[in-house]
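The values are calculated or read from the model by the stated rules, or taken from the named source; none is laboratory data. Computed from a predicted structure; not experimentally measured. When the accessible area is computed, the model is the full protein with side chains, heavy atoms only, and any ligands, DNA or RNA have been set aside. Shrake-Rupley method; radii C 1.70, N 1.55, O 1.52, S 1.80 Å.
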Amino acid sequence: MPQQIKCSVSECQYNSDLACDAPMIQVDRNGVSKASHSPQTKCETFKPRG
């Protein structure tokens, strides 16, 4: 069963009723060499609505 990815970023093209429907999710570090908590990560899959 595929995982459900919740997303509250309504400005993202992949947001579908608070669920991410992107074909792939990529999460990277956000300006740090080693992440230790959530604010140090970011969703690289984000694509603004057109």
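Working from Cα pairs under 8 Å separated by at least six residues, relative contact order for the chain is 35 percent. Rolling a 1.4 Å probe across the protein heavy atoms gives the chain an accessible surface of 87 Å² per residue. Amide H to amide H distances under 5 Å link GLN13 with LYS47, ARG49, where only residues 5 or more positions off or on other chains count and H is placed in the peptide plane.
Taking amide H atoms as placed 1.01 Å from N in the peptide plane, the amide H of ASN30 lies under 5 Å from those of THR41, LYS42, each 5 or more residues away in sequence or on another chain.
Debye calculation, C-alpha points only, no solvent: report log10 I(q)/I(0) for the chain at q = 0.21, 0.23 Å⁻¹, in the same order as the q values. Each listed q maps to, in turn, -0.79, -0.89. The apolar share of the surface of the chain, taken as the fraction of accessible area on carbon and sulfur atoms (1.4 Å probe, ligands and nucleic acids excluded), comes to 51 percent.
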